[in-house]
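The values are calculated or read from the model by the stated rules, or taken from the named source; none is laboratory data. Computed from a predicted structure; not experimentally measured. Methodologically, a virtual Cβ is constructed for each residue, glycine included, from the backbone with ideal geometry; neighbour enumeration extends over all protein chains shown.
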């Protein structure tokens with residue numbers, strides 16, 4: 001990937017490349033785009049560029065090329081995630097920085113919402129399986145919405161081999 | 001298939017997209033390893049109080065929780081084995097999803113990774129290929 005990074009003149013001189021690297025990491029890590037998803041880690045700078053001084057400001061711009069780790073979900077993909085919030089309308093789950101909502105209409109019909117001492121949860125008809133906060137769930141992404149700063153998904157567990165994987169992490 | 005903003009929706013389309021031309025798909029275990037190394041290096045450079053930002057921290061926690069391989073050597077061996085085109089012919093995303101989702105059997109693999117159906121359509125040879133891949137999953141991944 002590529003990005004233009006601007007450096008003020010006090011950083012020119014020795015250690016400039018290191019400062020450039022840190023600046024790139026600060027600007028890019030944790031951001032999200034619809035095309036590439038969440039940038040989670042800058043792994044390598046392949047080209048720092050030569051630097052061009054801007055007339056008037058004295059700052060220099062560098063056309064940097066770098067490699068990174070990006071988290072990018074796709075429609076139809078199955079992901080494992082952690083339940084964060086449960087309401088009678090469905091539950092929210094996180095696959096890392098990516099949030100997914102599973103509507104109650106996309107939860108198997110035998111599951112029932114209940115709100116007891118342990119907090120809100122969905123319990124299966126045979127009482128064997130419960131979707132509780134912090135449990136692990138395998139979800140299929142059926143839709144994705146992208147805006148300026150985040151990607152949000154709609155998921156289903158109403159198919160074979162989807163649903164609860166494990167209980168809450170202790 | 002790309003939506004009207006040109007953003008790709010379907011994982012099968014990334015092979016023809018310029019946006020992902022030089023991209024490689026990583027196992028969750030690979031991401032855990034990379035972020036762990038990053039964190040250690042930055043703590044050495046910037047002090048032991050260094051912490052990831054919230055988005056990266058979420059990704060790191062996720063990678064630690066859902067990492068599937070016993071070690072980085074296992075992940076590498078698994079990828080090398082399944083990248084053998086003559087023996088398997090899997091696409092990169094199929095290898096990655098097999099390693100991340102660890103299906104127990106052919107039926108589960110086909111349900112979780114729909115594009116694998118085309119290998120099953122090859123007949124007995126295709127089904128045996130997927131069974132061998134699943135054996136590799138059981139050999140290298142935590143159960």
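Please go through the range B:12-49 and give me each residue that is at pLDDT 90 or above, more than 8 Å from every other protein chain (Cβ to nearest Cβ) and closer than 30 Å to residue A:83 by Cβ, ordered by number.
Of everything in the range B:12-49, those that are at pLDDT 90 or above, more than 8 Å from every other protein chain (Cβ to nearest Cβ) and closer than 30 Å to residue A:83 by Cβ turn out to be B:25, B:27, B:28, B:29, B:30, B:32, B:33, B:36, B:37, B:39.
Does residue B:58 qualify as being more than 30 Å from residue A:15 (Cα to Cα) and within 13 Å of another protein chain (Cβ to nearest Cβ)?
yes
Examine the range A:107-123 for a residue that is closer than 16 Å to residue A:78 by Cα, out of contact with any helix residue (DSSP H, G or I) (no Cβ under 7 Å at 6 or more places or on another chain) and part of a strand (DSSP E or B), and state whether such a residue exists.
No, the range A:107-123 contains no residue that is closer than 16 Å to residue A:78 by Cα, out of contact with any helix residue (DSSP H, G or I) (no Cβ under 7 Å at 6 or more places or on another chain) and part of a strand (DSSP E or B).
Among the candidates B:121, B:127, B:109, B:133, which residue alone is more than 22 Å from residue B:11 (Cβ to Cβ) and either modelled with pLDDT of 90 or more or away from every other protein chain (no Cβ under 12 Å) (or both)?
B:127
Could you list, in sequence order, all residues of the range A:124-135 that are part of a strand (DSSP E or B) and within 12 Å of residue A:90 (Cα to Cα)?
Scanning the range A:124-135 gives a single hit, A:131.
Take the residues of the range A:32-76 that are surrounded by 20 or more Cβ atoms within 10 Å (Cβ to Cβ) and away from chain B (no Cβ under 14 Å): which is farthest from the chain's Cα centre (by Cα)?
A:60
Does the range B:88-126 hold any residues that are more than 18 Å from the chain's Cα centre (by Cα), farther than 26 Å from residue B:20 by Cα and surrounded by fewer than 15 Cβ atoms within 10 Å (Cβ to Cβ), and which are they?
Matches in the range B:88-126: B:107, B:121, B:122, B:123, B:124, B:125.
Please enumerate the residues belonging to the range A:89-108 that are modelled with pLDDT under 95 and surrounded by fewer than 16 Cβ atoms within 10 Å (Cβ to Cβ).
Correct list: empty.
Of all residues in the range A:117-146, which are free of Cβ contacts under 8 Å to residues at least 24 places away in the same chain and either surrounded by 18 or more Cβ atoms within 10 Å (Cβ to Cβ) or within 12 Å of chain B (Cβ to nearest Cβ) (or both)?
A:145
Which residues, taken from the range A:1-29, are touching a residue at least 60 places away in the same chain (Cβ under 8 Å) and either touching a helix residue (DSSP H, G or I) at 6+ places or on another chain (Cβ under 8 Å) or crowded, with 16+ Cβ neighbours inside 10 Å (or both)?
Matches in the range A:1-29: A:1, A:3.
In the range A:150-169, which residue that is surrounded by fewer than 17 Cβ atoms within 10 Å (Cβ to Cβ) and facing chain B (nearest Cβ under 10 Å) is nearest to the chain's Cα centre (by Cα)?
Of the residues in the range A:150-169, the ones surrounded by fewer than 17 Cβ atoms within 10 Å (Cβ to Cβ) are A:150, A:152, A:159-160, A:165-169.
Still in the running and facing chain B (nearest Cβ under 10 Å): A:150, A:159-160, A:165-166, A:169.
Numbers: A:150: 8, A:159: 24, A:160: 25, A:165: 20, A:166: 21, A:169: 20 Å.
Filtering first and then ranking leaves A:150.
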